[in-house]
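Engineer: Okay, here's the structure, questions in a sec.
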Amino acid sequence: MKRTIQVRVFRDDNLYVAECLDLPVVTQAPTLDQLALNIREAIALHLEGEDLAEFGLSDHPTILATMEIGAVA
């Protein structure tokens, strides 16, 4: 069972976007702090009442975010 839910974070125009790689969950926010709150809430709502094992997840998985930044040069 996976113990982490992977999330890709990137900037799109004036908003930050978080996109789960493991679940069909996407959210956006104007700040990274708000984005972190939004993605936790969105994942919790998506998994509410579900058997985590059906998603291949262990109980209380960790959210691991990777942020993409633009090239330097």
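The values are calculated or read from the model by the stated rules, or taken from the named source; none is laboratory data. In this text the structure is predicted, and so the values were computed from the model without any measurement. Cβ atoms come from the backbone with ideal geometry, glycine included; neighbour counts cover every protein chain shown.
Engineer: Just checking: which of the strands (runs of 3 or more DSSP E) contained wholly in the chain hold 2 or more residues that are under 14 Å from the mean Cα position of the chain (by Cα) and free of Cβ contacts under 8 Å to residues at least 24 places away in the same chain?
Structural biologist: So the answer is 15-20, 26-29.
Engineer: Being at pLDDT 95 or above and either of a type in the set (D, E, K, R) or touching a Phe, Trp or Tyr at 6+ places or on another chain (Cβ under 6 Å) (or both) is the filter here; which residues of the range 10-28 pass it?
Structural biologist: Answer for the range 10-28, where residues must be at pLDDT 95 or above and either of a type in the set (D, E, K, R) or touching a Phe, Trp or Tyr at 6+ places or on another chain (Cβ under 6 Å) (or both): Val17, Glu19.
Engineer: Could you grab me the full set of residues in the range 45-56 that are more than 15 Å from Val26 (Cβ to Cβ) and exposed (fewer than 15 other Cβ atoms within 10 Å of the Cβ)?
Structural biologist: The answer is Glu48, Gly49, Glu50, Asp51, Leu52, Ala53, Glu54, Gly56.
Engineer: What is the one condition in (1) in contact with a helix residue (DSSP H, G or I) (Cβ under 7 Å, 6 or more places away or on another chain); (2) at pLDDT below 95; (3) surrounded by 14 or more Cβ atoms within 10 Å (Cβ to Cβ) that Asp59 does not satisfy?
Structural biologist: (3)
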